[in-house]
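The values are calculated or read from the model by the stated rules, or taken from the named source; none is laboratory data. This one's a predicted model, so the numbers in the text were calculated from it and none came from an experiment. No Cβ is skipped: glycine too gets one built from the backbone with ideal geometry, and neighbour counts run over all protein chains shown.
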């Protein structure tokens, strides 16, 4: 399996199209389909790996280092909260910005975003 096929598989697993992924990461249209024909940009590959929840090594080579204890998030609890954010489309905007936050601060941000969303929904339901 090559890089493009791994990205396609990960997109399917994450319920996102490659076009949506390109838009979300501010890549040019068709960037992913060109991967394999040209040398990938290291920064963009890192962004793809982060967004898709895998390592760059996995994305590029398909390898999984089970002994590597280094994770994107330094704190296990923060990592779990971040997974919740990642799985909730309404909260996904926090995903990358929350990398260095403590679990308490991350929870506070989630509560705040959910409160804003509820206020918006209530406002829309009232017909205003």
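Summary table
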read-out: Residue among 3, 52, 35, 21 that alone is modelled with pLDDT under 90, under 18 Å from residue 87 (Cβ atoms) and either touching a strand residue (DSSP E or B) at 6+ places or on another chain (Cβ under 7 Å) or outside the structural domain of residue 84 (by TED's automatic domain parsing) (or both); value: 52
read-out: Test result for residue 84, surrounded by fewer than 16 Cβ atoms within 10 Å (Cβ to Cβ), at pLDDT 70 or above, more than 17 Å from residue 21 (Cα to Cα) and within 12 Å of the chain's Cα centre (by Cα); value: yes
read-out: Given (1) over 27 Å from residue 81 (Cβ atoms); (2) modelled with pLDDT under 90; (3) part of a helix (DSSP H, G or I), number of the condition residue 30 does not satisfy; value: (3)
read-out: Filtered residues of region 61-81 (kept if over 13 Å from the mean Cα position of the chain (by Cα), surrounded by fewer than 17 Cβ atoms within 10 Å (Cβ to Cβ) and modelled with pLDDT of 65 or more); value: 61, 62, 63, 64, 76, 77, 80
read-out: Top-ranked residue in region 33-54 [being outside any helix (DSSP H, G or I) and in contact with a helix residue (DSSP H, G or I) (Cβ under 6 Å, 6 or more places away or on another chain); ranked as nearest to residue 79 (Cα to Cα)]; value: 35
read-out: Search result, residues across region 14-27 that are touching a residue at least 12 places away in the same chain (Cβ under 8 Å) and part of a helix (DSSP H, G or I); value: 18, 21, 24
